[in-house]
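Working notes, structure below.
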Amino acid sequence: MERCLLSIDWDYFIYTQDNRSSYIENHRSLMDSWYKRYIQAKVWGEDIQHEFQLSSQLDTFWENIRKFFVFAADIKVLASDSHALSYQMAKDNNCGEVYLFDAHSDLGYGGPSALNFEVNCSNWLGKLLKDQQIKGAYIFYSPYTAEKPEHFNPMNRIYRIRYCDWKDLVGKSIAVSAIHICRSGAWTPPWLDEKFYQFVDRLGLPYAIENCPERKWDPDHINLSQQINYLMA
């Protein structure tokens, strides 16, 4: 039986009307840009904290996962900020397949040429396929995604990629050797971080945290100087 990496992006559960397609993963995008967006919206009398909502799937996700996925006794579980770490996790744990729950495919954007770049948060899954580290990928899009499978037709023709729904798992028992839960802080707001860690804890397995810096969100106590710095971010 082929062993797999189960890779889950926190943005799978987050609804927002802001469907910006890409950010650079750095300190500014993790924190400063969120304050910038908050300050800019406040000028117009809006509060961006009301623009992001969590899916009702959050409470039953792990229960549903355990119906179709069998966790190895020596399973490795990692929580991080960047989804790029899924590449090395799949490789290190001899995973032949990846099951991805995400608002983005992470196959690489801009066609097969996107896989000529180094591994990053937007192409790690495509790189695993190109480098023949895995045989196939199964993508479960968030109900809130702005992407469509046909956006990746050049990749779909080259690699074994399937776009799935929960009903496609019925009757299956999929062996999982590793789980990666990614916060994707450039896309997910810091005021939901506590909910993120609660979600990870509900898995009920020991896990390691790697490169997932704490984000303290306190917009009520930022001074004028800080506001100016954030607006220049």
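Provide the net charge surrounding S173, with neighbours chosen by a C-beta distance below 15 Å and charges set as Lys +1, Arg +1, Asp -1, Glu -1.
With Lys, Arg at +1 and Asp, Glu at -1, the net is +1.
Could you work out the relative contact order of segment 120-174? I mean the mean sequence separation of Cα pairs under 8 Å and 6+ apart, divided by the number of residues, in percent.
Over segment 120-174, the number comes to 39 percent.
Relative to the Cα centre, what is the charge dipole magnitude of segment 37-88, using +1 at the beta carbon of each Lys and Arg, -1 at the beta carbon of each Asp and Glu, and rounding to the nearest 20 debye?
In debye, rounded to 20, segment 37-88 gives about 160.
Under 23 Å between C-alpha atoms is the cut-off here; go through the chain and count lysine pairs that meet it, provided they're at least eight residues apart or on different chains.
Summing the qualifying lysine pairs gives 22.
Considering the options I222, V200, Y159, tell which one lies farthest towards the positive end of the dipole of segment 156-233, charges being +1 on Lys and Arg and -1 on Asp and Glu at the Cβ, about the Cα centre.
The residue sitting farthest along the positive end of the dipole is Y159.
Got a sec? How would E147, E63 order by Cβ neighbour count within 10 Å, fewest to most?
Fewest-to-most Cβ neighbours within 10 Å comes out as E63, E147.
Please sort by residue number the GluC sites (Glu not before Pro) in segment 173-225 whose DSSP state is loop and whose Cβ has at most 12 other Cβ atoms within 10 Å.
Hits after loop and neighbour filter: E214.
Once amide H atoms are placed 1.01 Å from N in the peptide plane, what residues at a sequence separation of 5 or more from A79, or on another chain, have their amide H within under 5 Å of its amide H?
Result for A79 returns I181, A208, I209, E210.
Separation of segment 59-125 and segment 181-218 by C-alpha centroid, Å?
So the separation of the two Cα centres works out to 16 Å.
How do the peptides 116-122, 138-144 rank, highest first, by the average count of neighbouring beta carbon atoms within 10 Å per residue?
By packing density, highest mean first, the sequence is 138-144, 116-122.
I need D220, D131, D81 ordered by Cβ neighbour count within 10 Å, fewest first.
Lowest to highest Cβ neighbour count: D220, D131, D81.
So how do Y87, Y35 line up by other beta-carbon neighbours within 10 Å, fewest first?
Ranking Y87, Y35 by Cβ neighbours within 10 Å, fewest first, gives Y35, Y87.
Compute the semi-axes of the equivalent ellipsoid of segment 75-150, taking the square root of 5 times each eigenvalue of the Cα gyration tensor, and list them largest first in whole Å.
18, 16, 12
Each value in this text was obtained by applying a stated rule to the coordinates, not by laboratory testing. Just so it is clear, the structure is predicted and the values come from calculations on it, not from any experiment. Cβ: placed from backbone, ideal geometry, glycine included. Neighbour counts: every protein chain shown.
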